[in-house]
Each structure stands twice: as structure tokens, then as C-alpha cells.
1. Distance check, please: which entries in K21/K71; K24/K76; K48/K189 exceed 18 angstrom between their Cα atoms?
2. Students often get this wrong: which residues of region 18-55 have the backbone nitrogen under 15 Å from the point 7 angstrom along Cα-to-C-beta of L69?
3. Given the convex hull of the Cα atoms of region 6-95, what is a quarter of its surface area in nm²?
4. Of all DSSP beta bridges in region 6-95, what percent run antiparallel (nearest 5)?
5. Along the Cα→Cβ direction, 7 angstrom out, place labels at L94 and N18. What is the inter-label distance in nm?
Amino acid sequence: MSKKGISLHDLSLKINANLAKGDKDFLISSIGSSNKNSLHSIVYIRNKKYLNSLKESESSTCLVSSDLLSKASGYKNILVSDNPHYSFALLTNLFVHKSIDATLQRKSELSNQPLIGHGSQISEKVKFGKNVSIGCNCVIEDGVLIGDNSIIENNVVIYRNSKIGNNAFISSGVIIGSEGFGFAKQGSKWVQISHLGKVVIGNYVSIGANSCIDRGTIEDTVISYCAQCIYWGKNSNCRKSRYCWLKHYRRRLSNRRDDRNLWSSKNYR
């Protein structure tokens, strides 16, 4: 796939779909959602309840099942699949970021001179604010941003493009920005759905030890201002608003926005 995108003709062949309407040479450069889309993005309409949320979409292309074809007539380009969820899984894998070995550097080469513990590996493309502290044996990948006065304890892994605000506290063993959980089935074959979003953690957020915060499928996983997460399970596509206090979340949550001032200590399963 070129940097400009992939043509609808080539895309349809790669995701087991048919171009029912539109320009076969039109280029697709990203996957869109109801809140995040552009002219050259493709949106997946899983069922009719998503039609209303996508009415204001800037995207001109959609992926649907045959029974939704007539309801998606407003789109200029329509891809139809007998198993659209499976096609969506193949689609995400076309746009997933391919990890490469990060070039690592020591404290002396970093612009803001964070304190870095023994054995930590930091990509040269990480940006630090002032007065940042990194513990021992941490791994921080390309494109990560860590704000002023934030503390990262030992054995933390922060995956590519994650954003951490000012005055954040990340406890030992936390994993931020890892691949989320999602699969689509075609016959006896399962295909993993790649997660293309990132994790955004706001200012004054505290993440408890051994928490795992996955990146979103299309949109970002967001934990807003001043949230306190005691134990955070495998979650992606979530948006937790400011002043939240979250304890023992073990059920995977998705596409959910909670109001500010939420306090919870229930052990969800």
C-alpha cells in the first residue's frame, strides 16, 4: 500500500468484498469511525443502529453487508461483504502500524534529560517534558509523549504513540497502548482485529500497578484529567472523564464514555 492509500479495487480484493457502487480507483488512506473520519477514510457499518451516527460523516466510502446496501445509498463508494465483520478484521490489518526495532539512546542524548533507571530502553523518538522520572527496566516506544513532572515506575511498557499528560503517576508493571482484544470469524478461521488507535492519559492521572490499558480499535482509549485507576484490566476504546476513581475493573469495556465525578469500587466481570 502506498503512502497515499489503496484503491478501492485493490482493497476489495484484499478484504473479500465487492465494490457495489463507486470509483474503483478512489484511494482509501485510513479507517474512520463516527467521531473520526475524512473524505478518504472508509467506515464500517456493522448494523443499522450505526447509520444515524454516521449521517454527518465526511467519509465517502463504507463497508456493509448486503442487507444494508440500500440504507447506505448516501455513500459514493460502497463495499459489500457476505461477512463484513471478517472483512473489517482484514481491513484493520492493512492499516496496522508495523513495528520496527527502535533506535535507543541514553539519558545524555535526550533533550530534556529525564532521570532513567538501569536497564530501561527508550526510543529516540520519545518526547519528554521537564522533571520526568523513568524507573528501571522500562520500555518506551516511538512517538510516546510524557508530560512534565510525570513519574514512571519500574518495569513499565509504553507502546508507540501513547500520550501521557503532566503530573501523571504510572505504577510498576503497567502496560500502556498494547494490542486490544478482538477477532472475526470466517468458517473455521479466526482473524485478529488490529487496533489502530492510541492511548491518551491526561494530567494528574494515577495508574495502579500491573494495569493494562489497550489502544482503541479506531479511536483512542482516553483517561481524562485527575482519574485514579487502582486496577485497570484489558480495556480499549474507552473514554473515562475527569475526576474518576476506578478500582478492580476486570471486564473489557468498549466504546463507552462515563461522566465526570464517577466513583466505583465494584469488581466487574
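FYI, it's all coordinate maths here, none of it is from the lab. Predicted model only: the values in this text are computed from it and were never measured. Quick reminder, even Gly has a Cβ in these numbers, built from the backbone with ideal geometry, and neighbours come from all protein chains shown.
1. Numbers: K21/K71 13 Å; K24/K76 11 Å; K48/K189 26 Å.
Beyond 18 Å: K48/K189.
2. 18-22, by backbone N distance to the label point.
3. Details: hull surface 18.9 nm².
The number I arrive at for region 6-95 is 4.7 nm².
4. Values: 5 of 15 bridges.
So the antiparallel bridges amount to about 35 percent of the total.
5. Distance between the two pseudo-spin positions: 1.8 nm.
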